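K.L.:
Would you mind keeping the following structure in view while I ask a few things?
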Amino acid sequence: MKTRREILQGLIVSIGGSSLLTACDGFAKIAPTVDGELRFYSSEEIELVTKISDLIIPRTDTPGASDVNVSGFLDGLMAEWANAETRENHHRDIKRIGGQLGDSFRELDEQDAKNKLANLDTRAYAADRPDEYSAYRSLKGLITQAYFASEEGRLLEQQWVAVPGRWNPRVEI
Amino acid sequence: MTDFDAIVVGSGMSGGWSAKELCERGLKVLVLERGPEIKPDRDYVDQLPPWEEKNLDRIAQEEIDKHYFKQYPGVAYAVKESNKHFWVKDDDHPYETVEGTDYDWLRGYHTAGRSIMWSRQSYRMGPQDFTANKDEGVAVDWPVRYDEIKPWYDYVEEFAGVAGNLDGLEQLPDGVYQPGFELTDAEKLFKTKVESSFPGRNVIQARVAHLTNPTDEQRELGRTNCQARNRCHFGCAFKAYFSSLHATLPAAERTGNMTLVHNAIVQSLEYDPEQNRLTGVRIVDAETNEHRFYSSRLVFLNASPIASAMILLQSKSETFPNGLANTSDQVGRNLMDHISGAGANGLIHGFENQKIFGRRPGGIYIPRYANITEKDKPYSRGFGYQGGASPLGNAGGQIPGIGREFKEAHKSPGPWRISIGAFGEQLPNPNNRVTLHPNKTDKWNNPIALFNVSYGENEHIMLQEANKDAAAMLEAAGCTNINSNTVNLTVPGNRIHEMGSARMGNDPDTSVLNRWCQAHDVPNLFVTDGSFMTSAACQNPSISYMAFTARACDHAMKLMQENII
Ligand SMILES: Cc1cc2nc3c(=O)[nH]c(=O)nc-3n(C[C@H](O)[C@H](O)[C@H](O)COP(=O)(O)OP(=O)(O)OC[C@H]3O[C@@H](n4cnc5c(N)ncnc54)[C@H](O)[C@@H]3O)c2cc1C
Ligand code: SF4
């Protein structure tokens with residue numbers, strides 16, 4: 001697998017630009033929160049969010065949610081971006097999701113935890129999008145956005161190209 | 001002797017053109033810009049990759065409440081953490097509205113004004129737009145017809161660079177275009193279905209001020225092809241979209257005739273009653289609070305319609321106790337915008353085996369048909385729709401499922417969605433106005449703006465109908481999951497097409513400017529931002545401001561050569 005730097009350099013070469021080099025130097029991590037220094041979540045909360053995020057976006061042939069530090073990123077997002085009301089709501093959301101998954105969720109092995117979360121997901125995405133699962137839908141949205149905003153998620157998963165250079169309205173799959 | 005031949009107030013979309021045209025005709029031009037300098041190398045953030053954006057590029061919520069409480073809710077799609085320096089801080093630049101009304105004054109104060117942040121949709125006004133007031137007995141007649149402005153549209157499009165298709169529609173005249181951005185197959189299907197189900201309606205490519213085949217002149221100015229990145233609200237290292245900073249100001253600069261002064265807040269224009277001429281401009285320095293005066297033979301007001309009206313209203317004298325060039329009492333009145341809040345979206349089928357490459361800057365446009373090809377409407381004037389069809393993608397996480405499958409689903413384009421949204425014409429109404437606040441001032445001691453703008457019945461009815469029409473067109477194209485929610489009429493000003501505050505007309509008793517954007521009352525004053533608009537049409541207006549500005553500069557120069565001004 002190519003390193004991130006190689007992939008990025010490939011992009012730079014493909015558009016023949018030198019001015020982009022500066023923009024690509026020094027990779028920022030999608031991690032406003034330094035390991036171990038939680039600014040928003042309690043240790044129980046981050047444990048739950050990490051577990052959920054890895055079940056939603058697991059490691060495959062590309063990195064998973066934890067590999068790109070999604071839960072650490074959300075910790076920073078809540079600390080830096082959110083106001084008091086949003087923070088409070090987010091704490092409440094996590095509590096609610098914890099309740100819906102049950103106390104035992106933390107201890108479940110991967111397969112059982114996956115089944116349990118899949119079950120919750122099915123209920124949350126029922127056609128009428130029940131209100132009682134809005135907390136879960138909102139967390140899932142944040143996890144997914146954070147993952148795909150990461151370098152790995154954007155480049156490896158979404159094959160995001162910084163400078164397409166042209167518009168093609170029709171690419172057959 | 002004056003300090004300068006001409007002073008241009010404001011360096012934005014229209015001020016850049018004034019600067020270029022006057023400098024290229026050999027005048028020594030001073031451009032006064034109230035905001036700080038934008039330097040692309042330092043201030044553009046278009047090359048920031050998503051993973052380097054702070055907090056998903058969201059401005060902290062407390063910061064929004066404190067500094068961007070109007071700008072952010074008004075234009076959330078373009079006001080981000082990384083480019084917030086392109087937008088004014090609302091607490092530094094307050095304004096008020098009359099009780100029971102609301103107004104969005106969305107803007108940036110810096111080099112090139114909003115030409116840095118605009119969405120670049122560029123449509124000419126059509127012949128019907130210049131005769132509508134007269135035909136319907138509304139407001140006053142335009143003193144200009146399409147044929148007169150046509151060559152100036154040609155001229156500004158050629159220089160600015162607009163990508164689009166030649167569609168041969170009378171109401172939306174073709175221009176000088178570089179190759180457009182091809183429609184997706186889903187859009188082509190939509191076009192076929194709409195045009196066959198509703199003869200007289202058309203679906204065309206958006207016309208956008210982007211370079212797709214730059215001219216030699218554009219290359220000389222360091223501009224190059226659009227790279228289809230859709231990062232335009234953050235600046236553009238390729239200078240591929242038109243802005244004053246990419247095109248007109250550099251063209252003015254290279255003549256050696258331009259002096260551009262930043263942080264110069266124009267407060268008033270100085271009038272000499274003996275000569276019936278302006279003698280110059282008074283400013284306060286935004287950083288030092290120092291007051292200065294610059295003299296010139298000619299003044300072009302390009303501060304944008306609200307600011308320009310306020311400068312005129314602030315320039316009181318014995319001759320003009322109600323504000324400069326305001327014997328008609330029309331300065332600040334007839335404030336218009338476009339209206340939105342109606343439209344539809346839905347899934348369009350048959351393209352599941354396709355995706356797109358690149359992020360083009362515009363999609364489709366449905367030119368106005370109401371009261372043009374379809375005359376059975378319960379309202380006057382009309383609207384166009386902007387929109388597009390593209391794969392919905394699965395980002396945002398709002399699809400069912402978890403695990404590998406959920407993750408993999410993000411590689412697929414997902415279903416295709418089409419959406420269209422109306423931009424309608426607001427009728428001129430003298431009671432819709434901006435005035436100087438009677439007792440509140442900003443931190444430079446300038447009166448703040450007081451808005452009193454509301455919509456009339458025509459606007460409400462029009463948007464209801466636009467909503468129905470949108471859903472009907474999506475149905476005709478076989479779309480499913482159609483959302484066409486109840487109309488949610490945008491707040492006045494929200495479309496950021498404010499205009500009309502110093503309208504042009506034939507009669508000095510009822511209009512501020514003549515057909516050349518020249519003040520009826522004061523011959524060496526020209527106002528060529530959207531203030532001059534006698535009616536709003538429904539097309540995005542900036543290309544019209546450019547054309548009228550270039551034409552006005554040409555006329556002013558002739559008057560100067562003949563020593564009339
Ligand atoms: C997000 C967004 C999307 C848009 N999309 C489109 C679009 O697709 N198509 C379209 O046609 N239009 C669009 N517009 C509108 C377009 O930007 C405006 O029509 C255009 O910029 C107006 O030009 P202007 O010269 O009147 O004002 P501006 O470009 O705003 O320039 C005015 C300048 O004057 C300066 N100024 C103000 N007051 C003073 C003073 N007292 N002294 C000195 N200087 C002063 C300001 O700082 C500014 O630089 C959009 C705008 C925005 C913000
Ligand atoms: S899409 Fe085109 S115009 Fe917009 S920022 Fe990218 S290169 Fe510039």
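The values are calculated or read from the model by the stated rules, or taken from the named source; none is laboratory data. What you are looking at is a predicted structure, and each value in this text was computed from that prediction instead of being measured. As a convention, Cβ positions derive from the backbone with ideal geometry for all residues, glycine included, and neighbour counts pool all protein chains shown.
K.L.:
Would you mind stating whether B:R107 is within 13 Å of ligand 1 (Cβ to nearest atom), more than 14 Å from chain A (Cβ to nearest Cβ), surrounded by 19 or more Cβ atoms within 10 Å (Cβ to Cβ) and outside any loop (DSSP other than H, G, I, E, B)?
P.N.:
Working: within 13 Å of ligand 1 (Cβ to nearest atom): yes; more than 14 Å from chain A (Cβ to nearest Cβ): yes; surrounded by 19 or more Cβ atoms within 10 Å (Cβ to Cβ): yes; outside any loop (DSSP other than H, G, I, E, B): no.
Answer is no for this residue.
K.L.:
Continuing with the same structure: Which residues, taken from segment B:209-244, are more than 12 Å from ligand 2 (Cβ to nearest atom), in contact (Cβ under 8 Å) with a residue 40 or more places away in the chain and either among the aliphatic types (A, V, I, L, M) or touching a strand residue (DSSP E or B) at 6+ places or on another chain (Cβ under 7 Å) (or both)?
P.N.:
Correct list: empty.
K.L.:
Condition check: away from every other protein chain (no Cβ under 14 Å), within 22 Å of the chain's Cα centre (by Cα) and within 16 Å of ligand 2 (Cβ to nearest atom). Does B:S308 satisfy that?
P.N.:
Numbers: away from every other protein chain (no Cβ under 14 Å): yes; within 22 Å of the chain's Cα centre (by Cα): yes; within 16 Å of ligand 2 (Cβ to nearest atom): no.
No.
K.L.:
Moving on to the next point. Test of understanding: among A:T144, A:T122, which residue is surrounded by 12 or more Cβ atoms within 10 Å (Cβ to Cβ), without any contact (Cβ under 8 Å) to a residue 40 or more places away in the chain and either acidic (D, E) or on the phi < 0 side of the Ramachandran plot (or both)? Explain how you work it out, then say what you get.
P.N.:
Numbers: A:T144 fails: without any contact (Cβ under 8 Å) to a residue 40 or more places away in the chain.
The conditions single out A:T122.
K.L.:
Return the total of residues in segment A:147-173 being within 7 Å of another protein chain (Cβ to nearest Cβ) and in contact (Cβ under 8 Å) with a residue 60 or more places away in the chain. Quick ask: steps written out before the conclusion?
P.N.:
Just the residues of segment A:147-173 that are within 7 Å of another protein chain (Cβ to nearest Cβ), to begin with: A:148-151, A:154, A:157-158, A:162-173.
After this cut, where a residue has to be in contact (Cβ under 8 Å) with a residue 60 or more places away in the chain as well, the list is A:149-151, A:157, A:162-163, A:165.
Adding up the residues that qualify gives 7.
K.L.:
What's the total number of residues in segment B:190-241 that are away from ligand 1 (no atom under 16 Å from the Cβ) and of a type in the set (F, W, Y)?
P.N.:
Of the residues in segment B:190-241, 3 are away from ligand 1 (no atom under 16 Å from the Cβ) and of a type in the set (F, W, Y).
Conditions (1) within 16 Å of ligand 2 (Cβ to nearest atom); (2) assigned to a loop (DSSP other than H, G, I, E, B), marked per residue:
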position: B:E62; (1), (2): no, no
position: B:D65; (1), (2): no, no
position: B:Y72; (1), (2): no, no
position: B:A78; (1), (2): yes, yes
position: B:M117; (1), (2): yes, yes
position: B:K134; (1), (2): no, no
position: B:W142; (1), (2): no, yes
position: B:Y155; (1), (2): no, no
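K.L.:
Of the residues that sit in segment B:351-373 and are closer than 17 Å to A:R170 by Cβ and among the hydrophobic types (A, V, I, L, M, F, W, C), which one is farthest from the other protein chains (Cβ to nearest Cβ)?
P.N.:
Checking each candidate, the answer is B:I364.
K.L.:
Considering only segment B:461-477, I want to know if a residue exists there that is polar (S, T, N, Q), more than 16 Å from ligand 2 (Cβ to nearest atom) and not assigned by TED's automatic domain parsing to the domain that holds B:D5. Working first, answer last.
P.N.:
Residues of segment B:461-477 polar (S, T, N, Q): B:464, B:467.
Okay, now just the ones that are also more than 16 Å from ligand 2 (Cβ to nearest atom), so B:464, B:467.
If we keep only those that are not assigned by TED's automatic domain parsing to the domain that holds B:D5 as well, we get B:464, B:467.
Within segment B:461-477, one or more residues are polar (S, T, N, Q), more than 16 Å from ligand 2 (Cβ to nearest atom) and not assigned by TED's automatic domain parsing to the domain that holds B:D5.
K.L.:
State whether one or more residues within segment B:522-531 are of a type in the set (A, V, I, L, M, F, W, C) and more than 30 Å from B:S317 (Cα to Cα). Spell out the reasoning first.
P.N.:
The initial filter retains those residues of segment B:522-531 that are of a type in the set (A, V, I, L, M, F, W, C), namely B:522, B:525-527.
Filter again for more than 30 Å from B:S317 (Cα to Cα), leaving none.
Taking every residue of segment B:522-531 in turn, none turns out to be of a type in the set (A, V, I, L, M, F, W, C) and more than 30 Å from B:S317 (Cα to Cα).
K.L.:
Restricting attention to segment B:42-54, which residues are away from ligand 2 (no atom under 16 Å from the Cβ) and modelled with pLDDT of 95 or more?
P.N.:
So the first thing to find is which residues in segment B:42-54 are away from ligand 2 (no atom under 16 Å from the Cβ), and the list is B:42, B:51-52, B:54.
Within segment B:42-54, B:R42 is the sole residue that qualifies.
K.L.:
Name the pairs: first residue in segment B:30-43 and in contact (Cβ under 8 Å) with a residue 40 or more places away in the chain, second residue away from ligand 1 (no atom under 11 Å from the Cβ) and basic (K, R), Cβ to Cβ under 9 Å, at least 6 apart or on different chains?
P.N.:
Pairs found: B:P40/B:K239.
K.L.:
Please work out if B:R368 is within 16 Å of ligand 1 (Cβ to nearest atom), crowded, with 17+ Cβ neighbours inside 10 Å and touching a residue at least 40 places away in the same chain (Cβ under 8 Å). Spell out the reasoning first.
P.N.:
On the way: within 16 Å of ligand 1 (Cβ to nearest atom): yes; crowded, with 17+ Cβ neighbours inside 10 Å: yes; touching a residue at least 40 places away in the same chain (Cβ under 8 Å): yes.
When the stated conditions are applied, B:R368 passes them.
K.L.:
Determine which member of the set B:N439, B:N481 is surrounded by fewer than 19 Cβ atoms within 10 Å (Cβ to Cβ), away from ligand 1 (no atom under 16 Å from the Cβ) and not assigned by TED's automatic domain parsing to the domain that holds B:R368.
P.N.:
Details: B:N481 fails: not assigned by TED's automatic domain parsing to the domain that holds B:R368.
Being surrounded by fewer than 19 Cβ atoms within 10 Å (Cβ to Cβ), away from ligand 1 (no atom under 16 Å from the Cβ) and not assigned by TED's automatic domain parsing to the domain that holds B:R368 holds for just one of B:N439, B:N481, which is B:N439.
K.L.:
How many residues does segment A:64-80 contain that are touching a residue at least 40 places away in the same chain (Cβ under 8 Å), more than 17 Å from A:D93 (Cα to Cα) and surrounded by fewer than 19 Cβ atoms within 10 Å (Cβ to Cβ)?
P.N.:
Within segment A:64-80, residues that are touching a residue at least 40 places away in the same chain (Cβ under 8 Å), more than 17 Å from A:D93 (Cα to Cα) and surrounded by fewer than 19 Cβ atoms within 10 Å (Cβ to Cβ) number 2.
K.L.:
If you don't mind, another one. Among the strands (runs of 3 or more DSSP E) contained in segment B:359-426, which hold 2 or more residues that are under 17 Å from B:E465 (Cβ atoms)?
P.N.:
Details: elements: B:364-366, B:383-391, B:416-425.
The strands (runs of 3 or more DSSP E) meeting that bar are B:383-391, B:416-425.
K.L.:
In segment B:74-91, what residues are surrounded by fewer than 18 Cβ atoms within 10 Å (Cβ to Cβ), touching a helix residue (DSSP H, G or I) at 6+ places or on another chain (Cβ under 8 Å) and farther than 19 Å from B:E52 by Cα?
P.N.:
Scanning segment B:74-91 gives B:K89, B:D91.
K.L.:
Moving on. Which of the residues spanning segment B:509-552 are within 15 Å of ligand 1 (Cβ to nearest atom) and in a loop (DSSP other than H, G, I, E, B)?
P.N.:
Passing the criteria: B:C517, B:T528, B:D529, B:M533, B:A536, B:A537, B:C538, B:Q539, B:N540, B:P541.
K.L.:
A further question on this structure: Among the residues in segment B:87-110, are any within 16 Å of ligand 2 (Cβ to nearest atom) and at pLDDT 95 or above? Walk me through it before giving the result.
P.N.:
Taking segment B:87-110 as the starting set, the residues that turn out to be within 16 Å of ligand 2 (Cβ to nearest atom) are none.
Scanning segment B:87-110 turns up no residue that is within 16 Å of ligand 2 (Cβ to nearest atom) and at pLDDT 95 or above.
K.L.:
What single numbered condition from (1) in a helix (DSSP H, G or I); (2) closer than 30 Å to B:A186 by Cα; (3) of a type in the set (D, E, K, R) fails to hold for B:R495?
P.N.:
If we test B:R495 against (1) in a helix (DSSP H, G or I); (2) closer than 30 Å to B:A186 by Cα; (3) of a type in the set (D, E, K, R), just (1) comes out false.
K.L.:
Answer with yes or no whether B:N563 is closer than 28 Å to B:N452 by Cβ, assigned to a loop (DSSP other than H, G, I, E, B) and away from ligand 2 (no atom under 16 Å from the Cβ). Give the derivation first.
P.N.:
Details: closer than 28 Å to B:N452 by Cβ: no; assigned to a loop (DSSP other than H, G, I, E, B): yes; away from ligand 2 (no atom under 16 Å from the Cβ): yes.
For B:N563, the condition - closer than 28 Å to B:N452 by Cβ, assigned to a loop (DSSP other than H, G, I, E, B) and away from ligand 2 (no atom under 16 Å from the Cβ) - is not met.
K.L.:
For segment B:1-60, which residues satisfy the criterion of being part of a loop (DSSP other than H, G, I, E, B) and within 14 Å of another protein chain (Cβ to nearest Cβ)? Write out each step before concluding.
P.N.:
Pass one, segment B:1-60, residues part of a loop (DSSP other than H, G, I, E, B): B:1-3, B:10-12, B:25-28, B:33-39, B:44-49, B:53, B:58-60.
The answer is B:Y44, B:V45, B:D46, B:Q47, B:L48, B:P49, B:E53, B:R58, B:I59, B:A60.
K.L.:
Another one. Please go through (1) assigned to a strand (DSSP E or B); (2) among the hydrophobic types (A, V, I, L, M, F, W, C); (3) within 14 Å of another protein chain (Cβ to nearest Cβ) for B:A344 and return the number of the only condition it doesn't satisfy.
P.N.:
(3)
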